[in-house]
Every structure is written in structure tokens, then in C-alpha cells.
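What follows is a set of notes on a single structure, which appears directly below.
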Amino acid sequence: MENVLITGVSGGIGRSVAERLLANGSTVVGWDKTVSDEARLLAERYPGKFAMQEVDLMDSEALPGLVKTLVAEFGPLGGFVHCAGFDKMSPLHLVKLSDIENLWRLHALAPMLIVSSLSGKKNHHDGAGVVLISSQSAHEGAMGHTAYAAAKGAVEGFLAPAAAELMERNIRINVVCFAPVKTPMALSWMNNLTNEGKEKLLASYPLGLGEVEDASALICFLLSTDARWINGQIITADGGHAVRKV
């Protein structure tokens, strides 16, 4: 697969997706606000196959131009995965406007603008795949995650109409809805739980919390031609949470 764009490539899931794709011979362009040491090592392991660029995804007005520049330098995109993200836990009555705006800008607006630009006639390969990431918190009462969950809900609302339009351009788009995956972001809020809270959380996932490899395996499948018949779907991976005995 040529020129898969991955945002948040310095993070857990993004880096794991990049590693899988590179190991299978794909070329990858990674965007992140800062280039991590792990990402630099990945570029050294795959010279000429992995390009890392520092991009501020919060600069919404710049994103269409950045996609255009990327395509001019590397050629049309064969895929796009939006892994960049953060959470800002806060009780609903204390949620700040700036936090709501920042969560929306990164989780919802940035992928919408990138997908819009990717859909341009000269900006993608035929059969390109797009995978966006949602969260279980958009479907359950996750205390303190209201703004984050709302932004993820916007991603899910974007999916069906976008899939209908993109299909006419031979682009597939799907959303993966994950339960907690053991990334630095998830572990940071889990570490703030009491011991009782942690035990209760873990007990609600019969198959355990997700590893980054679990997440990246599903994402890479959806990008691949093996998933050519899957479009406009929200696919949940939740460690058996929804079907557990209660």
C-alpha cells in the first residue's frame, strides 16, 4: 500500500499501525506535533519507506494545504488513519469551553478536513481506505468524559454520509470503536482511579483491556484489500464488555 498517512504516529496505536504497515512493505507518512525518539528509530529502520513530519493538527485552516503539499511530494494517498488524540477529564459542570473546542478540533474537525482533502481527484489512489477512531465512551455513561465522548460521537455521525460520497470516488471509510486500549493516554486516567475503581474496570472486560497490537491489527485489516467489501461501518472491539454476564 502506497503512502498511508497516519496522524498521532508517535503515540501507541499510531506507531503500532505504522510498524505493521512498514513490515508489510507499505510506505507511510506520519504526522505528529512532535517527533518521538521511537518514531525516529522507526524511520531509521525503514529508510525511504517512512517519512515523519511535524504538523499541528489543531491548525484547522492549514490542513487542506498540508495534504496538498504532501501529495505533491509523495504522490496520491493510499490510506489514512487518524490516531491523534487526547482526553481532558472533567465533571460536566466544570468543563471549559477551551477544552471542548480543542477536543472537537483534534478528534472531529481535523479528520473531517483531511478526509475532505484526500477525496480530491488527484489526492488518492483508487481503492484508498480510511479508518477513524471512536470510543466506547461515546456509547456509555463514562463519568468525566463528556466533551471527549461528544467529539467521538461527531466522528460516528460523519461516517455514513461520508461513506456514501467517498464510495463514488472508490474510497472506503470505516470507524473502529475501541474500549480502553493500554496507551499512555488511557493509562494516565486509569492510574487516577482508586484500587476499587481499577478492579471494577478490569472486571468489566472479560478478555482484558486492549493492547495496541489488538487495535493496530484491526485497523490494518480495514485498510487492506481483504476488507474491500466493508464500508461505512462502525466496528467495535471491546474485550467482551458488551456481552459480559452481569
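Taken together, 171, 230, 219 contain a single residue that is under 14 Å from the mean Cα position of the chain (by Cα) and not small (Gly, Ala, Ser), which is 219. Number of residues in segment 84-94 that are surrounded by fewer than 16 Cβ atoms within 10 Å (Cβ to Cβ) and outside any helix (DSSP H, G or I): the value is 2. When residue 98 is tested against (1) over 17 Å from the mean Cα position of the chain (by Cα); (2) within 21 Å of residue 149 (Cβ to Cβ); (3) outside any helix (DSSP H, G or I); (4) not β-branched (Val, Ile, Thr), just one condition goes unmet, and that condition is (3). Does residue 81 satisfy being assigned to a strand (DSSP E or B), in contact with a Phe, Trp or Tyr (Cβ under 8 Å, 6 or more places away or on another chain) and either modelled with pLDDT of 95 or more or not hydrophobic (A, V, I, L, M, F, W, C) (or both)? No: the conditions fail for residue 81. All conditions but one from (1) out of contact with any Leu (no Cβ under 9 Å at 6 or more places or on another chain); (2) at pLDDT below 95; (3) not in a loop (DSSP other than H, G, I, E, B) apply to residue 52; the one that does not is (1). Going by what's in this entry, would residue 119 be described as touching a residue at least 12 places away in the same chain (Cβ under 8 Å) and among the hydroxyl-bearing types (Ser, Thr, Tyr)? Yes; evaluated as a whole, the condition is true for this residue.
The condition (being surrounded by 13 or more Cβ atoms within 10 Å (Cβ to Cβ) and either of a type in the set (Ser, Thr, Tyr) or at pLDDT below 95 (or both)) is satisfied by just one residue among 152, 198: 198. Among residues belonging to segment 22-48 that are surrounded by fewer than 18 Cβ atoms within 10 Å (Cβ to Cβ) and aliphatic (A, V, I, L, M), point out the one that is farthest from residue 5 (Cα to Cα). Looking at residues that are surrounded by fewer than 18 Cβ atoms within 10 Å (Cβ to Cβ) and aliphatic (A, V, I, L, M), I get 41. Considered as a group, the residues in segment 95-132 that are hydroxyl-bearing (Ser, Thr, Tyr) and either in contact with a Phe, Trp or Tyr (Cβ under 6 Å, 6 or more places away or on another chain) or over 15 Å from residue 65 (Cβ atoms) (or both) include one that is surrounded by the fewest Cβ atoms within 10 Å (Cβ to Cβ), and that residue is 98. Considering segment 55-78, and only residues there that are out of contact with any His (no Cβ under 7 Å at 6 or more places or on another chain) and assigned to a loop (DSSP other than H, G, I, E, B), the residue that is nearest to residue 215 (Cα to Cα) turns out to be 57. Taking only segment 232-246 into account, find how many residues are of a type in the set (S, T, N, Q) and assigned to a loop (DSSP other than H, G, I, E, B). Total meeting the criteria: 1.
The values are calculated or read from the model by the stated rules, or taken from the named source; none is laboratory data. Computed from a predicted structure; not experimentally measured. Every residue, glycine as well, gets a Cβ built from its backbone with ideal geometry; the counts of neighbours run over all protein chains shown.
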